[in-house]
Amino acid sequence: MEITLKEIARMVEGDVVGDPNAAIRGVAPFETARPDDITYAAQPKFLKSLSTTAAGAVIVPAAFKAGAGLPERSLVRAGYPQAAFARVAARFHPSHRPAYLGTAGTTGDNVSPSAHIGRNFSAGDNVAIAPFAVIGDNVSVGRNATIHPHAVIGDDVVMGDDVAVGPGVYIGERCRIGNRVTLQPGSVIGSDGFGWAPEGNTYCKIPHTGIVRIEDDVEIGAGNAIDRGTFGETVIGRGVKTDNLVHVAHNVTVGEDTLLVAQVGIAGSTAIGRHSILAGQVGVSGHLTIGDNVTIGPQAGIGKSIADGEVVSGAPGIPHRIWLRVQRIIPMLPEIKKAIDAMEKRLKRIEENG
Amino acid sequence: MEITLKEIARMVEGDVVGDPNAAIRGVAPFETARPDDITYAAQPKFLKSLSTTAAGAVIVPAAFKAGAGLPERSLVRAGYPQAAFARVAARFHPSHRPAYLGTAGTTGDNVSPSAHIGRNFSAGDNVAIAPFAVIGDNVSVGRNATIHPHAVIGDDVVMGDDVAVGPGVYIGERCRIGNRVTLQPGSVIGSDGFGWAPEGNTYCKIPHTGIVRIEDDVEIGAGNAIDRGTFGETVIGRGVKTDNLVHVAHNVTVGEDTLLVAQVGIAGSTAIGRHSILAGQVGVSGHLTIGDNVTIGPQAGIGKSIADGEVVSGAPGIPHRIWLRVQRIIPMLPEIKKAIDAMEKRLKRIEENG
Amino acid sequence: MEITLKEIARMVEGDVVGDPNAAIRGVAPFETARPDDITYAAQPKFLKSLSTTAAGAVIVPAAFKAGAGLPERSLVRAGYPQAAFARVAARFHPSHRPAYLGTAGTTGDNVSPSAHIGRNFSAGDNVAIAPFAVIGDNVSVGRNATIHPHAVIGDDVVMGDDVAVGPGVYIGERCRIGNRVTLQPGSVIGSDGFGWAPEGNTYCKIPHTGIVRIEDDVEIGAGNAIDRGTFGETVIGRGVKTDNLVHVAHNVTVGEDTLLVAQVGIAGSTAIGRHSILAGQVGVSGHLTIGDNVTIGPQAGIGKSIADGEVVSGAPGIPHRIWLRVQRIIPMLPEIKKAIDAMEKRLKRIEENG
């Protein structure tokens, strides 16, 4: 496979500095690219050392000025170099379609005879259902869905177009899945939430009559557990991406384009805003409001609501700029304690000698 | 569906203030209930503002005095209002039986021809086994069991009545499951524990010959991993509830009616007492004893045993009342450090001028 | 079953103190062993109280001197007593072969007719494939492989000899699995990594064209999620053992004989050295280098690289010996703060009284 720089520039809405007809045969990281590969440079560190990559072409920021000292290699300038690179990489490496799904076609006939299909199943064109998948009653899926082995789609689930339900994924009854949603292997969507009403020393289960709604363009990582609402919905907003082993409790709302990194846990009824980032192993308590454009550092423990745009770290979470100073002081605490004890003695001596 | 307040009062062992023949057609949260719904109010905040819900009836504490200023809506007084509400909710919303399990009957004939059933399978009445479930040899289950798709029940497993084994759940050989146990999707019961004997620089696997015993009335959340004992048993006591993605290591004992919130991890041979609560992301080291009625705050790291009734927070875990004060001081550490440095200088000046 | 001490000594490369022809009929822990059991004692605590076990024989360190005051019970001296015990235990308790795999034989004919086998499947002798397992196209496995129910082996996967793929395990296309590898139930090997290139407020998926390579003698716990490389490989080195619910991101390298305890999370492109131990719930940031023989304490948060041999605890991680002192001071912070405030006043008084 071979693509010219001209085509690449068109694909990423950029322009070429160099020979637009130069042919590219692959994509690779900056350090390991070869002369017929394209790579990208977004950070100043790489932009300053363009001559050190062997790549035939480099995708750089739109505003990048190709100076006099530049090597002869070609550039493609694009608004978001890394995203542009990702688009080119996807062209060279289209996502693998497992053989068990059959060959993609235009009519919906890749349904394995070993799958269990419930009544009133409605599917768009080009749906593939793998062996041992289980589809409940009254399920509806759009075009181009791929349902991998051992996926279970509960009764009355409605899914949009271009959905990929990974191996072993469970989607509980009545849940709603948007368009272009990918669910990585082993994730659970629509388990009952952890709702237990005390009744003396024991607990009475609170029925979970709600659903999970996953909006368009969401990707859920491997091994997630996302509970349905007690009443109403747990909502994963448009464009949200979750990493592996993430827990989302009942009635949580995650706003559009927010990232939940691996092993994050969000307790019940908390609302996370848009375009926020929760780093790995963050825990957020229930019934809180986390704003838009919030960044929460790794392992932070959030017990209070956070306003838009805040950057928070630590457990309990505090403003990140304070946390940076706090974390330098914590290892000094033993010395600080000693200093205080010494000062105490000195003060006493002064007071006694009055 | 329609239930009178009289019937509801009987169901929850309470009494009616208002018209006992008023009909209720649904359940809903305090804020969104409509005139033919019933809701509940347990906390003073809601009890003081009963007039703000549109619900036709409200379940309140047994001791609640309906004052003169009360609106005309009806009350049901019950010992545990939230639990009473949960019971009424369960009546209006019986748990969904997936179509793939067939229709519940009184004889054990809902076994999918697509399930794999081992030798000497013994089942009580009204058992339903979904497509692609795998039952080992010499398995015994009680009445009303529902075995969902892709569940694997190992050889010689014994389970009680009214057990629900969710999609993709694994129960390893010889494990024991009590009555009224629900295992949410994707959980693993009876994996080998993490037992490795050092042998120079490498490790020799310690065989895991024990089992997991899950007692009556337990619910295990989605994506849990509960290891079997090395020797002997890992025990999940009667009434225990676990949330999602919880890890329980080999030979752990969890006492009756204890709650393990999401992403808790308990290391090997630790004994957790009865009616305790471990909040989200808590980690407990191995070979400890955690008492009865203990509460451990979110993300706490427990490295020492805890006596009955303690409330512990932080990592390392300390008494919660101290933790509350500590966590207010941590963000001040940079200022405290500055103050100490300044005092140091002032002291020195005094001493020199002494 | 009965084994003489002579045979046991040969098995563990040790020697017998006592009657070499004494027969042993089982293994048990120090406290609960009976007269025909063998147990072990490695730590001084147990070595000093050998007379308190009822075991007929005790495996002790090779250098152990059987003193005059010793009881009459027999000893087996071995280089690594716990590992020796594990080997003897494995002889008495060979790992259970589930009935659904059929009886082990010497020819590869235990392939369930209910499994889905892709084209060009190549298998060594004595392979067992359970019902509802899915094997992709061009998969190759060595001798003695056991593929449990609902496992999915992607296209072009190559696996060595003596591999056990647990129930519900997913191995993505092209991944490489070595010899003597065990994957516990529900783990995901080769999911796409969490790679998202910002494109304004949304994200563009970075294709994951790499693989996971699992080397020889690895055991992966239950419910793990190990992502494939973006480019290149995620590598789990020879002899690595992971506990339950561990997350390993794209392009991570875990060195030989390293242990990852439960719920550990390692972010992208980090390299972990050899023979290190990451305790439970540890989080490690991306693009770091963790050395050989490193020990990281439970729940530590690692944001910086760590040199060989270091012992690190806390979040952020600091040298363990400092952490031990820090954690004693943290609960004193409220008192320290009070003392400082008081000193401040005393200083002021002294200064004013000049």
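The values are calculated or read from the model by the stated rules, or taken from the named source; none is laboratory data. Just so it is clear, the model here is predicted, and its values are computed rather than measured. Note: ideal-geometry Cβ built from the backbone for every residue, glycine included; neighbour counts use all protein chains shown.
For the reader, a short list of remarks on this structure follows.
- Scanning region A:132-162 for residues that are of a type outside the set (A, V, I, L, M, F, W, C) and outside any loop (DSSP other than H, G, I, E, B), we see that the one that is farthest from B:LEU101 (Cα to Cα) is A:THR146.
- Residue in region B:258-281 that is among the hydroxyl-bearing types (Ser, Thr, Tyr), within 14 Å of chain A (Cβ to nearest Cβ) and assigned to a loop (DSSP other than H, G, I, E, B) present: yes
For (1) surrounded by fewer than 24 Cβ atoms within 10 Å (Cβ to Cβ); (2) in the same structural domain as B:GLY14 (by TED's automatic domain parsing); (3) farther than 27 Å from A:LYS205 by Cβ, each residue gets a yes or a no:
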residue: B:PRO113; (1), (2), (3): yes, no, yes
residue: B:ASN120; (1), (2), (3): yes, no, yes
residue: B:GLY124; (1), (2), (3): yes, no, no
residue: B:PHE132; (1), (2), (3): no, no, yes
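- Scope region B:330-340; condition closer than 21 Å to A:ARG349 by Cβ and at the interface with chain A (Cβ under 9 Å from one of its Cβ atoms); matching residues: B:ILE340
- B:LEU101 passes every criterion in (1) over 18 Å from B:ILE153 (Cβ atoms); (2) within 14 Å of another protein chain (Cβ to nearest Cβ); (3) among the aliphatic types (A, V, I, L, M) apart from (1).
- Residue within region A:202-221 that is basic (Lys, Arg), at pLDDT 95 or above, on the phi < 0 side of the Ramachandran plot and under 14 Å from the mean Cα position of the chain (by Cα) present: no
Okay, residues lined up against (1) touching a strand residue (DSSP E or B) at 6+ places or on another chain (Cβ under 7 Å); (2) in contact (Cβ under 8 Å) with a residue 12 or more places away in the chain; (3) of a type in the set (Gly, Ala, Ser); (4) surrounded by fewer than 16 Cβ atoms within 10 Å (Cβ to Cβ):
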| position | (1), (2), (3), (4) |
| --- | --- |
| B:ILE266 | yes, yes, no, no |
| B:GLY273 | yes, yes, yes, no |
| B:GLY280 | yes, yes, yes, no |
| B:ILE296 | yes, yes, no, no |
| B:ALA300 | yes, yes, yes, no |
| B:PRO316 | yes, yes, no, no |
| B:LEU333 | no, no, no, no |
| B:ILE336 | no, no, no, no |
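- Applying the condition of being more than 22 Å from B:ILE220 (Cα to Cα) and in a loop (DSSP other than H, G, I, E, B) to region A:175-199 and asking which residue is nearest to the other protein chains (Cβ to nearest Cβ) yields A:GLN184.
- Flag if C:ALA90 is part of a helix (DSSP H, G or I), buried (at least 18 other Cβ atoms within 10 Å of the Cβ) and either in contact with a Pro (Cβ under 7 Å, 6 or more places away or on another chain) or not assigned by TED's automatic domain parsing to the domain that holds C:GLY142 (or both): no
- Unique match (being surrounded by fewer than 17 Cβ atoms within 10 Å (Cβ to Cβ) and aliphatic (A, V, I, L, M)) among A:LEU324, A:LEU347: A:LEU324
- Test for B:PRO35: is it surrounded by fewer than 16 Cβ atoms within 10 Å (Cβ to Cβ), free of Cβ contacts under 8 Å to residues at least 24 places away in the same chain and part of a loop (DSSP other than H, G, I, E, B): yes
- Scanning region B:39-54 for residues that are under 29 Å from the mean Cα position of the chain (by Cα) and of a type in the set (A, V, I, L, M) yields a count of 3.
- When residues of region B:341-354 are limited to those that are under 25 Å from A:ARG325 (Cα atoms) and of a type in the set (Lys, Arg), the one nearest to the other protein chains (Cβ to nearest Cβ): B:ARG346
- From B:VAL294, B:VAL311, residue being within 21 Å of A:LYS304 (Cα to Cα), more than 9 Å from every other protein chain (Cβ to nearest Cβ) and among the β-branched types (Val, Ile, Thr): B:VAL311
- Residue-level analysis places B:ALA128 among those that are of a type in the set (Gly, Ala, Ser), touching a helix residue (DSSP H, G or I) at 6+ places or on another chain (Cβ under 9 Å) and buried (at least 20 other Cβ atoms within 10 Å of the Cβ).
- Taking region C:202-225 as the range and being under 17 Å from C:ARG176 (Cβ atoms), of a type in the set (A, V, I, L, M, F, W, C) and in a strand (DSSP E or B) as the test, the residues that pass are C:ILE211, C:VAL212, C:ILE214, C:ILE220.
- No other residue among A:GLY286, A:GLY273 is under 23 Å from C:GLY283 (Cα atoms) and among the small types (Gly, Ala, Ser) apart from A:GLY286.
- Restricting region C:21-37 to residues that are in contact with a helix residue (DSSP H, G or I) (Cβ under 9 Å, 6 or more places away or on another chain), modelled with pLDDT of 95 or more and not hydrophobic (A, V, I, L, M, F, W, C) leaves a set whose member that is farthest from C:ALA83 (Cα to Cα) is C:ASN21.
- Yes/no for A:THR289 being of a type in the set (Ser, Thr, Tyr), over 19 Å from A:ALA267 (Cβ atoms) and more than 7 Å from chain B (Cβ to nearest Cβ): no
- Put simply, of A:VAL284, A:VAL254 the only residue that is over 30 Å from B:LYS337 (Cα atoms) and buried (at least 22 other Cβ atoms within 10 Å of the Cβ) is A:VAL254.
- For first residues located in region A:229-246 and basic (Lys, Arg), partners that are outside any loop (DSSP other than H, G, I, E, B) and lie 6+ apart or on another chain with Cβ distances below 7 Å form the pairs A:LYS241/A:GLU219; A:LYS241/A:LEU259; A:LYS241/C:TRP196; A:LYS241/C:TYR203.
- Matching option when the condition is modelled with pLDDT under 95 and farther than 22 Å from A:PRO167 by Cα, among B:ASP155, B:ASP125: B:ASP125
- Top-ranked residue of region B:137-153 - restricted to ones that are touching a residue at least 24 places away in the same chain (Cβ under 8 Å) and touching a Pro at 6+ places or on another chain (Cβ under 6 Å), ranked as farthest from C:PRO149 (Cα to Cα): B:HIS148
- Hey, C:ASN126 more than 10 Å from every other protein chain (Cβ to nearest Cβ) and polar (S, T, N, Q) or not: yes
- Checked against (1) out of contact with any Asp or Glu (no Cβ under 6 Å at 6 or more places or on another chain); (2) buried (at least 24 other Cβ atoms within 10 Å of the Cβ), C:GLY154 meets all criteria but (1).
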